[in-house]
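Visitor: First the structure, which I've put down as structure tokens, then a few questions once you've had a look.
The values are calculated or read from the model by the stated rules, or taken from the named source; none is laboratory data. None of the values given here were measured: they were computed from a predicted structure. All Cβ positions, glycine included, derive from the backbone under ideal geometry; neighbour counts span all protein chains shown.
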Amino acid sequence: MISLVIPIYNEEVLIDELINRTLKALKSFGNDFEIIIVDDGSSDNSIIKLLKHRKQDDRIKIVQLSRNYGHQAAYTAGLTVAKGKFVAMMDGDLQDPPELIEVMYKKLISNENTDIIYAKRKSRKEKMLRRFLMKMFHKIFSKITRGSSIENVGNFSIFRDYVKDAILIYSEKNRYLPGIRFHAGFSQDYILFDRDERIAGSTKMSISKLISLALDALFSFSNLPLRTMLFIGFVGLFISLVGVIYVILSKLMGVAPFGWSSTLFFIFFFSSLQIMFLGLLGEYIYRIYKEVQNRPLFIIKHFHE
């Protein structure tokens, strides 16, 4: 059986097409499947539409969360109830075409040594700023994690049930599932696809949310920010020592430096660096605080199984 996990948030205008296309895509290569749709605290009529579709096909399962917990938490909630031998993840905005699930599934079962097939984007039909930011993030994340193969890769994927079990072992609160999927290991392969624009409604992952997700990924899988702070600190110390030596030599030679502008500039510059460093340290401390709190990643209000 295939379990397909789809998180949605205020997707009322897309529900009908999402369900119809997904059912058609899965039925094209078998009937042994379940579609697990996670309603991440929607405030529109998404749940009403979902329940109507469930009455028509009981292979549609609905996980209703008590409030909006976020994209990655919603995926995790769906994974916890998935029962299939193969588990797929797909975004609910139809930018991930459900028709590709068959392609990924057949590639996965054609090689018993492959554990994960993910969809790698070769192009994106989105606004220029969004495309640029996403491209920069994936390049940076790929470099710092030494995983060049995960560039332009998101949640859209299919894997075996033991991979799902391994992903669920990861208990961090600030989650980035593509990074966790990569970090868990296993044999991985991919297909290429063109990512479409949203066909209706507004983009749920705003620039600020994307930046927040990017920070979660960088801080969770790399110590690069801390190493960068240490390096800049050493450079600043070296510059300061050179400045002190210059001032001492100038006084001994009777050519004392004049003016306060350079002094004020250096004070402002290094004070700004200190504030930036404190902010970076604060990001790590905040994440440590959230882990220590150990609050639930999500709370399921209703599970329509």
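Visitor: Return the total of residues in the range 1-36 being within 22 Å of Ile48 (Cα to Cα), assigned to a helix (DSSP H, G or I) and of a type in the set (A, V, I, L, M, F, W, C).
Guide: Total meeting the criteria: 4.
Visitor: For a quick check of your reading: which strands (runs of 3 or more DSSP E) sit entirely within the range 105-209 and have at least 1 residues that are of a type in the set (S, T, N, Q), over 17 Å from Gly92 (Cα atoms) and at pLDDT below 90?
Guide: Output list reads 116-124.
Visitor: Then there is this: Within the range 63-98, track down each residue that is over 17 Å from Phe159 (Cα atoms), of a type in the set (A, V, I, L, M, F, W, C) and in a helix (DSSP H, G or I).
Guide: Residues satisfying the conditions are Ala73, Ala74.
Table: residues versus (1) within 23 Å of Ile167 (Cα to Cα); (2) touching a strand residue (DSSP E or B) at 6+ places or on another chain (Cβ under 8 Å); (3) surrounded by 22 or more Cβ atoms within 10 Å (Cβ to Cβ).
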| residue | (1), (2), (3) |
| --- | --- |
| Ser3 | yes, yes, yes |
| Ile15 | no, yes, yes |
| Phe29 | no, no, no |
| Asp32 | no, yes, no |
| Ile36 | yes, yes, yes |
| Asp40 | yes, yes, yes |
| Asp44 | no, no, no |
| Ile62 | yes, yes, no |
| Asn68 | yes, no, no |
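Visitor: Anything in the range 163-195 that is within 16 Å of the chain's Cα centre (by Cα) and small (Gly, Ala, Ser)? List them, or say none.
Guide: Ser171, Gly179, Ala184
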